[in-house]
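The values are calculated or read from the model by the stated rules, or taken from the named source; none is laboratory data. From a predicted model like this one, the values you see are computed outputs, not experimental measurements. Cβ: placed from backbone, ideal geometry, glycine included. Neighbour counts: every protein chain shown.
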């Protein structure tokens with residue numbers, strides 16, 4: 001049975017499933033599923049094949065929806081809510097991270113306002129993490145344009161007690177005790193918009209990824225630069241002075257086979273949010289961020305592209321991302337990009353998995 | 001008995017049903033009986049500010065909001081607020 005690529009493309013108006021052949025040149029789009037909902041993130045739980053979607057609606061609010069039949073039917077989680085004593089209400093569901101293989105039924109949900117939820121019943125119900133909710137630095141967190149969003153949740157595959165979450169703009173927080181306590185890990189990470197740009201918290205992390213083959217290595221695309229940590233976030237090295245046209249951007253991708261390789265999509269400064277000088281490109285480093293090279297073959301130019309923080313993904317063979325103008329790109333032979341779909345609604349999120357055909 | 005009609009996007013969340021016959025004393029009670037009640041109220045029990053509810057053609061906000069009595073009422077229409085481009 002041949003294996004292809006299944007991309008879950010969350011858009012402002014629903015979820016599209018794009019199926020690509022294994023050469024990633026021919027694609028078929030199905031959708032929209034969850035029609036009319038803004039799918040901030042959707043993912044397939046590799047443990048049982050369930051699709052989970054963080055689906056939001058300006059009128060009907062935040063939801064988590066799950067499908068165990070490939071998207072034909074959906075079940076809504078019980079209401080996601082924060083305790084009344086917190087004085088907070090859930091504004092949006094941002095990111096769903098399935099637990100480790102040895103944690104069946106466990107999932108994590110990142111939400112605005114700076115909240116982490118955990119489910120131990122396959123997404124039927126969600127409990128807020130009190131350590132995040134009552135964090136001693138919370139009064140120094142503040143929302144960015146996307147709200148106080150919790151959009152990166154990374155699990156250490158070697159230690160289920162160690163979890164990283166990122167909140168914009170609180171920075172990166174790490175727990176080493178399964179979520180009881182959370183340590184801000186933002187040393188050397190700039191927050192240029194603050195009076196004191198290297199504070200304990202207040203950093204605006206756009207996306208953080210842990211390398212599965214070297215879990216102490218983290219990559220981060222921040223509002224203020226691109227960073228790498230080789231010590232579980234205890235310290236960070238800034239990398240965008242080495243050949244990137246801009247340190248600003250939202251997504252970051254990694255090569256699961258090579259911890260030294262990462263990819264970013266630079267955008268012109270926070271005030272503009274589009275490709276610098278309309279030179280739309282992905283940039284790759286193969287030497288841990290010491291140098292960067294442009295990958296633009298197959299991308300349109302000039303183009304004033306904007307790619308959101310959840311709108312990229314990678315697997316062992318390729319890279320994938322979607323733009324706010326509704327184009328979805330995949331890396332095909334070598335370093336050539338293929339526009340696999342266009343004219344979709346604005347793309348909010350991308351994840352990929354394999355499918356059999 | 002009052003008939004409650006919801007928009008199509010909510011019907012998709014209720015196995016395709018748009019209309020529900022409900023026995024209730026107030027608008028709030030009727031809406032809370034819907035299978036999509038969790039999408040109409042936030043966790044503090046407040047209506048979405050972008051939600052319009054009409055009771056026999058009158059905006060429920062003018063009749064006490066969720067406390068609006070349903071005696072003699074035939075129809076509740078749930079409508080998402082109009083939005084512009």
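A few comments on the model shown:
- Residue under evaluation residue A:305, criteria (1) under 20 Å from the mean Cα position of the chain (by Cα); (2) in a strand (DSSP E or B); (3) under 26 Å from residue A:55 (Cβ atoms), criterion not met: (2)
- In the set (1) at pLDDT below 95; (2) crowded, with 18+ Cβ neighbours inside 10 Å; (3) farther than 22 Å from residue A:313 by Cα, the condition left unmet by residue A:243 is number (2).
- Top-ranked residue of segment A:253-286 - restricted to ones that are in a loop (DSSP other than H, G, I, E, B), out of contact with any strand residue (DSSP E or B) (no Cβ under 6 Å at 6 or more places or on another chain) and in contact (Cβ under 8 Å) with a residue 24 or more places away in the chain, ranked as surrounded by the fewest Cβ atoms within 10 Å (Cβ to Cβ): A:257
- The one condition from (1) within 30 Å of residue A:52 (Cβ to Cβ); (2) surrounded by fewer than 21 Cβ atoms within 10 Å (Cβ to Cβ); (3) free of Cβ contacts under 8 Å to residues at least 60 places away in the same chain that residue A:332 does not meet is (3).
- Unmet criterion (only one of (1) in contact with a strand residue (DSSP E or B) (Cβ under 6 Å, 6 or more places away or on another chain); (2) surrounded by 14 or more Cβ atoms within 10 Å (Cβ to Cβ); (3) assigned to a loop (DSSP other than H, G, I, E, B)) for residue A:191: (1)
- Strands (runs of 3 or more DSSP E) (entirely within segment A:58-115) containing at least 1 residues that are closer than 22 Å to residue B:43 by Cα, within 11 Å of another protein chain (Cβ to nearest Cβ) and out of contact with any strand residue (DSSP E or B) (no Cβ under 6 Å at 6 or more places or on another chain): A:61-67
- Considered as a group, the residues in segment A:11-59 that are in contact (Cβ under 8 Å) with a residue 12 or more places away in the chain and touching a helix residue (DSSP H, G or I) at 6+ places or on another chain (Cβ under 9 Å) include one that is surrounded by the fewest Cβ atoms within 10 Å (Cβ to Cβ), and that residue is A:35.
- Subset of segment A:213-232 (residues that are part of a loop (DSSP other than H, G, I, E, B), closer than 18 Å to residue A:309 by Cβ and touching a residue at least 60 places away in the same chain (Cβ under 8 Å)): A:223
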